[in-house]
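Structure record follows, encoded as structure tokens.
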Amino acid sequence: MIKNDFYITYNNGPKVEINGDTKKEYLVEFIDDFTKKIIHSSTIENNMWTACSREWFTNWVIKINGEIVDRFDLDGKKVRIILESKSMGDTIAWAPYAVEFANKHNCKVFLTTHHNEWFENLPIYKDIEFVGFGFNEDVYVKYNIGWFKNENNNWDNPDLNPTTVNLIPLQQTITDILGLEYKELNYGIDLGSGERPIKDKYVVFGPQATAGCKEWNIDKWNELSVRFIEKGYKVVICSLNSYNIPNTIECNKSLEITATHLKYADIFIGLGSGLSWLNWALGKRTYMINGFAKEGHEFTENLVKITNNKCIKCWNDPIHIFDPSDWNWCPVYKGTKLQHICQQSITVDQVLKSITPKRVLVKITSSSLGDTIAAIPYIDKYRIDNNCSVSVKMNQKYVNIIKDSYSNLNYVNNESGFDDIIPVNYNFYSRLQEGFALDLGYTNWEYLKPKLNIKPKKRPIKKKYVVINVHSTSQLKYWNHPGGEKVRNNALYWTELCNMLKNNGLTPVIIELNESFGIPPYFNGLPKGFIKKIGRPLEEVVNYIQHAEFFIGLSSGLAWLAHALNTKIAIIANFTDKEHEIPLSEPNYKRINNEAVCNGCFNKTKHKFNSGDWEWCPEHKNTDRQFECHTSITPKQVFNEIKEWI
């Protein structure tokens, strides 16, 4: 007997089509595997179809006549994500979550926005394929992102938006649709590459918005400009419209020029508008005049929101629905002298009072590259949380690779002229980043991944390659061989691993400051017969790491650098606690260890590391078990751990 064929698709909601000549009835059930609830069911016959109207991410189970015929599975699939809105703020807010979705589900994401050029060349988006609205390649599932009204012209549209959109943070719009945990993300924007446009200190105003309820009275912008000019600032007005504010500089040219002005501005004051989102994407502090929306609706990082409680925060009201066709929309006081009181009651003095920061110096006492990279996110968080001006005194060799990614920090080499000085130190007995956080007063530490948004230069090697890091600052940290000190110069484990990589089509590239390192008479050498880049400038090292398939090394500064550049990393580290460096839950991170042997001495309170003893091994020095933490890890174990990346 010829059977009918089932065709199951998931674009714009799950759909089941049954084709064939055998007349039969079928009960089709669309089940949410998380809640175990039947979302939709229908009885159809052959040569008919049925679909479920829910379009947001769901782990679907499809049953036909009581039997499971398909399970929704994104692994290795093609997924289309479309950002419907043309708005600058919406686009900037939503784009980062395409990266999160692809990483979570191991799928290929095709992202469509009205402004692909803002993101497609940023390293964090390297695995995302940006496509236009005319893209028509077959995909497994498609998600449309936006604020979708229902037939009654309100935001209650549970098939397209699982949560009422105006009652949640703007970024949560996309996390709810894609089934991601909501957390604020800023992956930057590819704008603002010009040189500083004004030598003097200057402030940027963003007085234009898309609705009357968002704007601030022009007379107050005039008064604010006078107050800043009296303080010695130039005042730049960034707007498509001309506001004719006396003695100010108008910037109404390209978005690139606007972004450059924002990037170098000493202060930015804006509204609840796309320009504020652009400033945030550039990593700059935003002073936002906003009385119409509730706290948390926009971004929260790097934001000083200048607001009041004069009215109901109508933008996020469950009853009142914004009417974009009515410039004077004000659901409570329209047509009265109190119209837009939420914005107009905010005073110039209130704005100025919000912009007087305390001056703090944070000293990173360690000269290590890894410690510096790990500490920087919490130093920047301290600046944001305490609304203060923070300068960092650190190893000056690393300033150039960090300053553009954390551009709201000041980088100094002195300790004078500050209201407070906070030293942050490496802590042996906590997790690495946690130690710096504790010094800054954060007792409930959560990991903040460092992010270095450095635009890659030309690929240095055409063929696929892996960056290898061999040397360290103590023999304990090396990937030691059971042959002991006499074979250190031959790097036997590394040589074996490099040959395994080479036999699998990957070129090992060894990047080190020195050809050999250690103390006489037994120096540690590098694998022989492979590409070596010795003593190269840090900017060149960055470029090699950015283009690598992945990085393999020790618990070292280069490993932290690769991690911050969003390159996959594997570290051979058994001398520290397994969670000491980077949390094991971090994507694109592998820590190769062996808990069956002595391990973790570096972080045990009963031991105190002696940096003056190169051969320090507190429990087994001068025995057959010296450095067994690493001699017990074989090249085969390492290769097996990383082979899924090949």
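Residue-by-condition table, conditions (1) under 21 Å from residue 34 (Cα atoms); (2) open to solvent by 20 Å² or more (accessible area, probe 1.4 Å); (3) at pLDDT below 95; (4) over 15 Å from the mean Cα position of the chain (by Cα):
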| residue | (1), (2), (3), (4) |
| --- | --- |
| 84 | no, yes, no, yes |
| 101 | yes, no, no, no |
| 112 | no, no, no, yes |
| 147 | no, yes, no, yes |
| 178 | yes, no, no, yes |
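A quick yes/no check of all residues on (1) outside any loop (DSSP other than H, G, I, E, B); (2) crowded, with 21+ Cβ neighbours inside 10 Å:
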residue: 545; (1), (2): yes, yes
residue: 575; (1), (2): no, yes
residue: 605; (1), (2): no, no
residue: 615; (1), (2): no, no
residue: 643; (1), (2): yes, no
>> Could you tell me how many of the residues in the stretch 252-272 are part of a strand (DSSP E or B) and buried (at least 20 other Cβ atoms within 10 Å of the Cβ)?
In response: 3
> Name the pairs whose Cβ atoms lie under 6 Å apart, with the first residue in the stretch 346-375 and within 17 Å of residue 433 (Cβ to Cβ), the second assigned to a loop (DSSP other than H, G, I, E, B) and open to solvent by less than 20 Å² (accessible area, probe 1.4 Å), and 6 or more positions between them or separate chains?
Replying inline: 364/394; 372/394; 373/450
> Looking at 610, 622, which one is in contact with a Phe, Trp or Tyr (Cβ under 8 Å, 6 or more places away or on another chain), without any contact (Cβ under 8 Å) to a residue 40 or more places away in the chain and open to solvent by 40 Å² or more (accessible area, probe 1.4 Å)?
Replying inline: 610
> With (1) in contact (Cβ under 8 Å) with a residue 40 or more places away in the chain; (2) among the acidic types (Asp, Glu); (3) farther than 22 Å from residue 395 by Cα as the list, and residue 446 as the residue in question, which single condition is left unmet?
Replying inline: (1)
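Looking for whichever is open to solvent by 30 Å² or more (accessible area, probe 1.4 Å), part of a loop (DSSP other than H, G, I, E, B) and among the aliphatic types (A, V, I, L, M) here; the options are 160, 185, 170. Which one fits? Outline the logic, then answer.
Numbers: 185 fails: open to solvent by 30 Å² or more (accessible area, probe 1.4 Å); 170 fails: open to solvent by 30 Å² or more (accessible area, probe 1.4 Å).
Result: 160 is the single residue among 160, 185, 170 that is open to solvent by 30 Å² or more (accessible area, probe 1.4 Å), part of a loop (DSSP other than H, G, I, E, B) and among the aliphatic types (A, V, I, L, M).
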> Do you know which residues across the stretch 353-376 are over 15 Å from residue 426 (Cα atoms) and open to solvent by 10 Å² or more (accessible area, probe 1.4 Å)?
Replying inline: 353, 354, 355, 356, 357, 358, 359
>> Can you list residue pairs whose Cβ atoms sit under 7 Å apart, with the first residue in the stretch 520-548 being in contact (Cβ under 8 Å) with a residue 60 or more places away in the chain and closer than 18 Å to residue 370 by Cα and the second being among the small types (Gly, Ala, Ser) and surrounded by fewer than 19 Cβ atoms within 10 Å (Cβ to Cβ)? Count only pairs 6 or more apart in sequence or on different chains.
In response: none
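Out of the stretch 46-62, which residues are open to solvent by less than 60 Å² (accessible area, probe 1.4 Å) and of a type outside the set (Phe, Trp, Tyr)?
Applying the first criterion (open to solvent by less than 60 Å² (accessible area, probe 1.4 Å)) to the stretch 46-62 yields 46, 50-52, 54-58, 60-62.
Correct list: 46, 50, 51, 52, 54, 55, 58, 61, 62.
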>> Checking the conditions here, which among 479, 445, 494 is crowded, with 21+ Cβ neighbours inside 10 Å and either in contact with a helix residue (DSSP H, G or I) (Cβ under 6 Å, 6 or more places away or on another chain) or modelled with pLDDT under 95 (or both)?
In response: 479
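Out of 559, 564, I need the residue that is under 23 Å from residue 105 (Cα atoms), buried (at least 20 other Cβ atoms within 10 Å of the Cβ) and of a type outside the set (S, T, N, Q). Which one? Quick ask: steps written out before the conclusion?
On the way: 559 fails: under 23 Å from residue 105 (Cα atoms).
Step by step, each of 559, 564 is checked, and only 564 is under 23 Å from residue 105 (Cα atoms), buried (at least 20 other Cβ atoms within 10 Å of the Cβ) and of a type outside the set (S, T, N, Q).
The values are calculated or read from the model by the stated rules, or taken from the named source; none is laboratory data. Predicted model only: the values in this text are computed from it and were never measured. Glycine gets a Cβ as well: all are built from the backbone with ideal geometry, and neighbour counts include every protein chain shown. Surface areas here come from the heavy atoms of the whole protein model, side chains and all, with no ligands, DNA or RNA. Shrake-Rupley method; radii C 1.70, N 1.55, O 1.52, S 1.80 Å.
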